[in-house]
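> My structure is below; once you've seen it, I'll send some questions.
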Amino acid sequence: MDKENLVWNKILAAVLKMPGVKVDRIGFLRKELRPYCNQSRLQMIGSVRPYTVVSEQVIDRLARQCVRRHTTLATATSTVVGLPGGLAMAATMPADLTQYFYHQFVLSQKLAYLYGYPDLCDDDGELSDMACDLLTIFMGVMMGAPVAEKGLTELSKAVAESAVTRLPRVALTKAAIFPVVSQIAKMIGSRLTKESFTKGVGRFIPLAGGLFSGGLTLWTFRKGAVRLRRQLRAQRHLFDDGDISTIEFEGIKTSFIKAGQAEREPKHVEVAIIEAMINMAKINDEVSPAKYHIIEQRIASAKIDGKDKLDLLANIDSDHSYDVDFDLLAADLDVARETYEAMKQLASMDEKLTMAEKIYLNMAAQKLGMSDDEE
C-alpha cells in the first residue's frame, strides 16, 4: 500500500475510535423528524426512507440545520477538549485536524441518512469497511474532487437499488468504488504528508493553514459541508420509491401515500391556517374585537365552502379549540411561514404576551419548523 494511503488509514482509524462518531440512523431520524410527523409515520422510519414520511422541504431544512450545527462545533476550539480518545492513535496529528474529520464524519452520516442512504453500521453497531470506503468518498466530495463526485453518483445508483436497512456489499462492489476510494485516500494522504502534517493541512483545507492553532474557520468547514449536502440532494431522486409505499410494520402490511405527494388541497390548508389563528386568538379565553376582525377578514377571503366559513366564524367565540394539523402546514415552507406569521401577528396585538400565548406560539413554531432561522 502506498504511503499516502497509509496516512489516510491512520487518520480514519484515529477518528473512528472517538466516542460518538457513529450515528444511529433510526435514533437520529426519529429525533429530527418528530416535530414534523405523527407517531405512526415516525415508527416506520426503520423500514422506509425519510422522503416517505415528510416532504422535501422538511428534509432540506433539517439538512441545513445539521450543517450549521456542526460548522459551529467544528469552529469552536473548546470542542477539542471535549472529544477524548482517538488522539493517541495518531500522535503526529494535530488536535484540530482530528476534530475537523470527526465532525465531517458525523455530519456526512447525518446528511446521507436524511437524503435516503441506508444504515452504515452493521448488526453490531460498528461502521463496516464498506462504510469507511463510503465516508472516504464523502470526504473527497467535501474537498471538491471530481473523481469523488462521480464515484458518489455511481454509488448512489447502486445503493438506491438496495433495501433501506443495511449498506449492501454486493451493490457497492458492482459500483466499482474501490479504485475511487484508493484515489481519494492517496490524494488526501499526499496533501497531508507534503512537508509534514501541520504544513500539509494548509494545502488540504483552503485558507485554513495557520488557523488551526486558534480553531477552524467558519468558511472552511461550511464550504465542504454545503458541497456534500447539495451533491446528496441532487441525487435524491434515485431513492424515490414511487407514490405508494407498502411496508410491513409489526406483521401488518400497510400502504400509504408518500409525504409531499399526498393530496393537500388548498382549501384544507386554508382551513388549517384559520384554525391555528383562532386557537391563538382565544388562548386567553376572550377574543378582542381587533383580533376577531383580522380572523373574520381571513375567513371571508378564503377559497373554501360557505358552510366551512360559517363553522369557523361560529367557533371564534365558542369554547371549542381545534386540533390543528401542523404536519400539513409544515409540509410546505411558505405555508408554514405564513401560518407562523399570522399567529405571531395575533399574539403581538396584546400589550404584553401572556405565558399561555408564549407557550402556544413556541409550540407552533417548533411544529412548523420556524424555531431556527432559514438558511
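The values are calculated or read from the model by the stated rules, or taken from the named source; none is laboratory data. Please read all numbers here as calculations on a predicted model, not as lab measurements. As a convention, Cβ positions derive from the backbone with ideal geometry for all residues, glycine included, and neighbour counts pool all protein chains shown. Each accessible area value is taken on the protein alone, full model and side chains, heavy atoms only, with ligands, DNA and RNA left out. Shrake-Rupley method; radii C 1.70, N 1.55, O 1.52, S 1.80 Å.
> Show me the helices (runs of 4 or more DSSP H) found entirely inside region 264-368 where at least 3 residues are within 34 Å of the chain's Cα centre (by Cα) and not hydroxyl-bearing (Ser, Thr, Tyr). Working first, answer last.
Numbers: elements: 266-281, 289-301, 306-316, 326-330, 333-347, 355-368.
Counting at least 3 such residues, we get 266-281, 326-330, 333-347, 355-368.
> Can you tell me which residue among 13, 63 is closer than 30 Å to residue 179 by Cβ and open to solvent by 20 Å² or more (accessible area, probe 1.4 Å)?
On the way: 63 fails: open to solvent by 20 Å² or more (accessible area, probe 1.4 Å).
Just a single option satisfies the conditions, and that option is 13.
> Of the conditions (1) within 23 Å of residue 159 (Cβ to Cβ); (2) modelled with pLDDT under 85; (3) open to solvent by 30 Å² or more (accessible area, probe 1.4 Å), residue 48 clears all except one; give me its number.
So residue 48 meets the others, but not (3).
> Between residues in region 313-338 that are on the phi < 0 side of the Ramachandran plot and residues that are open to solvent by less than 40 Å² (accessible area, probe 1.4 Å) and in a loop (DSSP other than H, G, I, E, B), which pairs lie under 6 Å by C-beta distance while being six or more apart or on different chains?
Filtered contacts from region 313-338: 316/287; 327/37; 330/369; 331/55; 336/369.
> I'd like to check something: does region 23-39 contain any residue that is at pLDDT below 85 and either open to solvent by 40 Å² or more (accessible area, probe 1.4 Å) or under 30 Å from residue 189 (Cβ atoms) (or both)?
There is at least one residue in region 23-39 that is at pLDDT below 85 and either open to solvent by 40 Å² or more (accessible area, probe 1.4 Å) or under 30 Å from residue 189 (Cβ atoms) (or both).
> While we're on this one: So, in region 301-328, how many residues would count as being touching an Asp or Glu at 6+ places or on another chain (Cβ under 6 Å) and open to solvent by 70 Å² or more (accessible area, probe 1.4 Å)? Write out each step before concluding.
Of region 301-328, the ones touching an Asp or Glu at 6+ places or on another chain (Cβ under 6 Å) are 302, 304, 322, 324.
Within this subset, residues satisfying the condition of being open to solvent by 70 Å² or more (accessible area, probe 1.4 Å) are none.
The total comes to 0.
> Restricting to region 80-135, name every residue that is among the hydrophobic types (A, V, I, L, M, F, W, C), closer than 27 Å to residue 179 by Cα, at pLDDT below 75 and open to solvent by 10 Å² or more (accessible area, probe 1.4 Å).
Hits for region 80-135 are 89, 93.
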